[in-house]
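Please treat every number below as a calculation from the coordinates, not as lab data. Bear in mind the structure is a predicted one, so any value in this text is a computation, not a measurement. All Cβ positions, even for glycine, are placed from backbone atoms using ideal geometry, and neighbour counts span all protein chains on display.
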Amino acid sequence: MLKQFRPAIAMLGLMTLVTGVAYPLAVTGVAQLTFPEQANGNLVRDAQGEVRGSALLAQNFEGDQWFQPRPSAAAFATVASGASNLAPSNPALAERIAKDVQRLVGEGVAPVPLQLVTTSGSGLDPHLSPAAARWQIARVAAARGIPANNLERLVEQHTERPLVGPAVVNVLALNLALALADNRAPIRHENTP
């Protein structure tokens with residue numbers, strides 16, 4: 001019986017080393033050499049070099065002076081990311097969207113872009129359409145006391161046009177540029193230490 005266990009245990013140990021140690025180290029090494037920015041999470045830094053977040057994750061910004069991302073069904077928590085799992089026919093979803101539309105109509109012009117009242121599949125999508133970002137310009141300009149055309153230029157400068165798919169604006173990058181352009185203190189939001 002020991003003859004049968006010895007090769008099985010040896011193979012288990014070998015495969016554990018190969019698939020659990022050697023392969024992950026090799027993949028990590030190749031990623032660090034070829035795509036270091038992506039391998040480290042696409043971290044976004046402010047003018048002082050402090051990490052303010054990831055370009056891949058939405059964050060909740062407090063206050064009218066900031067562009068707001070899409071709502072998050074997971075309260076912007078990366079551990080519990082995901083959609084609300086409410087069907088389009090669910091009255092709770094319709095009620096939440098109607099409440100959000102009412103709130104947003106009070107601070108902007110109608111119609112409210114759909115992205116500002118619906119969550120993404122992950123609940124952490126960092127991008128908005130340029131139209132959804134532009135829709136917020138009046139509120140942000142009023143809160144900061146700066147001309148709306150300055151914000152329009154900023155949104156245009158931060159509009160990404162991928163090879164495939166629609167144009168998008170990364171809200172974190174836009175807000176960092178806004179803080180820098182407006183000479184305000186570095187961004188502080190609930191996900192920043």
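Considering only Ala26, Ala181, Ala94, the mean-square fluctuation computed in a Gaussian network model of the chain, springs between alpha carbons under 10 angstrom, is largest for Ala26. The alpha carbon centroids of the range 1-80 and the range 134-171 are separated by 30 Å.
Among Asn175, Asn40, Asn60, whose mean-square fluctuation peaks in a Gaussian network model of the chain (Cα, cutoff 10 Å)? Answer for the Gaussian network model of the chain: Asn40. For Ala177 and Thr19, a Förster radius of 35 Å and the Cβ-Cβ distance give a FRET efficiency of 0.20, rounded to the nearest 0.05. Considering all alpha-carbon pairs of the range 1-123, what whole percent are spaced by more than 21 angstrom? Summing the P(r) of the range 1-123 above 21 Å gives 63 percent of all pairs.
Treating each Cα of the range 42-181 as an identical point scatterer and summing with the Debye formula, the log10 of I(q)/I(0) at q = 0.11, 0.15, 0.20 Å⁻¹ comes to -0.41, -0.77, -1.33. Two numbers describe the Cα atoms of the range 124-188: Rg and Dmax, which are 11.8, 37 Å.
The amide H of Glu160, built 1.01 Å from its N in the peptide plane, has Val168, Val169, Asn170 as neighbours under 5 Å, considering only residues 5 or more places off or on other chains. Each residue of the range 7-14 is assigned a 3J(HN,Hα), and the resulting list reads x, 5, 5, 4, 5, 4, x, 4 Hz, derived from the Karplus form 6.51 cos²θ - 1.76 cosθ + 1.60 (θ = phi - 60°), x at Gly and Pro. Residues whose amide H comes within less than 5 Å of that of Gly53, counting only those at least five positions distant or on another chain, are Val44 (H built at 1.01 Å from N in the peptide plane). Our analysis of the range 1-40 gives Rg over Rh at 1.34, with the two radii drawn from alpha carbon positions and Rh computed by the Kirkwood formula. With a 10 Å cut-off between alpha carbons and a GNM built on the chain, which of Ala47, Ala83, Ala55 moves the most? Per the Cα network of the chain with a 10 Å cutoff, Ala47 tops the list.
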